[in-house]
Amino acid sequence: MSLLEKYQRIRNTFSYSIQSSGGINRNDGSGDEIGKFQLNIPPFPFPENQQSKLGIFTLESFYFTAQTDALYISGGDDGLPVNSDYDISGFYVEINGIGIRPQLFTTAINNGLRSNKIFPVINEYGRRRKRGNAPDTEYDYAKRVCGGECNKSVICSNPSGSNIQVKVYSMDTGELIAEQGLDSIINFKIEMLPDDFQDREMN
């Protein structure tokens with residue numbers, strides 16, 4: 001890749017780091033929950049990006065933040081996954097609203113391999129929360145975050161000015177992550193493709 005090509009690719013790539021608490025709070029009180037939030041993608045600044053029809057969407061990572069010993073992501077009662085002393089294994093992050101092409105195939109929450117808009121994210125920071133019936137003083141202290149990297153890329157439509165919706169499910173139970181007084185953050189990037197990129201590649 002030449003320096004010019006590298007410059008053009010960086011110039012056409014837009015990165016986003018968005019917290020759920022910064023989501024759109026709708027009239028029904030939803031839209032900024034940790035496991036269900038939405039946001040607007042602002043218009044692109046350059047005319048060639050505004051005119052582009054296709055982009056490459058890459059989900060870089062997804063995390064839950066501001067955890068404490070007593071307050072952390074769970075799939076069950078009292079902050080623990082159901083019938084377990086361990087953290088949740090991972091999460092399924094569903095993204096709608098930007099015309100993601102049907103290239104992702106997961107069993108996810110439907111028990112059947114089919115195309116969807118769901119990205120798997122392993123909880124890299126998951127660990128044992130409690131040693132059996134040990135008292136609180138013998139809990140394993142967890143990190144302040146849970147989640148991890150993804151780095152899966154798919155084709156999408158031009159998202160400029162679009163409303164993107166994010167839903168997060170437990171990989172262990174398939175249930176939507178409930179509001180628990182924490183925050184979540186999604187990191188992704190979108191590289192916009194010039195309309196004549198196929199002609200350029202052929203030359």
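The values are calculated or read from the model by the stated rules, or taken from the named source; none is laboratory data. Small disclaimer: the values here were computed from a predicted structure and weren't measured. Glycine also receives a Cβ, built like all others from the backbone with ideal geometry; neighbour counts cover every protein chain displayed.
For this structure, a couple of remarks:
- When the stretch 149-175 is filtered for residues that are surrounded by fewer than 16 Cβ atoms within 10 Å (Cβ to Cβ), of a type outside the set (S, T, N, Q) and more than 13 Å from the chain's Cα centre (by Cα), the ones remaining, listed by number, are I155, G161, G174, E175.
- Conditions (1) polar (S, T, N, Q); (2) modelled with pLDDT under 90; (3) at positive phi; number of the one not met by N151: (2)
- Of all residues in the stretch 154-203 being assigned to a strand (DSSP E or B) and under 14 Å from S52 (Cβ atoms), the one that is modelled with the lowest pLDDT: L193
- Hits in the stretch 95-124 - residues which are in contact with an Asp or Glu (Cβ under 9 Å, 6 or more places away or on another chain), on the phi < 0 side of the Ramachandran plot and not β-branched (V, I, T): N116, K117, F119, N123, E124
- Selected residue (criterion: surrounded by the most Cβ atoms within 10 Å (Cβ to Cβ)) from residues of the stretch 53-70 that are in a loop (DSSP other than H, G, I, E, B) and among the polar types (S, T, N, Q): Q67
- Residue in the stretch 84-96 that is part of a loop (DSSP other than H, G, I, E, B) and over 19 Å from the mean Cα position of the chain (by Cα) present: yes
- One residue stands out in the stretch 1-52 among those that are touching a residue at least 24 places away in the same chain (Cβ under 8 Å) and among the basic types (K, R): the one that is surrounded by the most Cβ atoms within 10 Å (Cβ to Cβ), namely K36.
- The lone exception for Q50 - which of (1) within 18 Å of I18 (Cα to Cα); (2) modelled with pLDDT under 90; (3) not in a loop (DSSP other than H, G, I, E, B) it fails: (1)
- Figure legend. Inter-residue proximity from the stretch 83-110: first residues at pLDDT 90 or above, second residues among the basic types (K, R) and part of a strand (DSSP E or B), beta-carbon distance below 8 Å, spacing 6+ or different chains. Indicated pairs: V93/K167; E94/K167; N96/K167.
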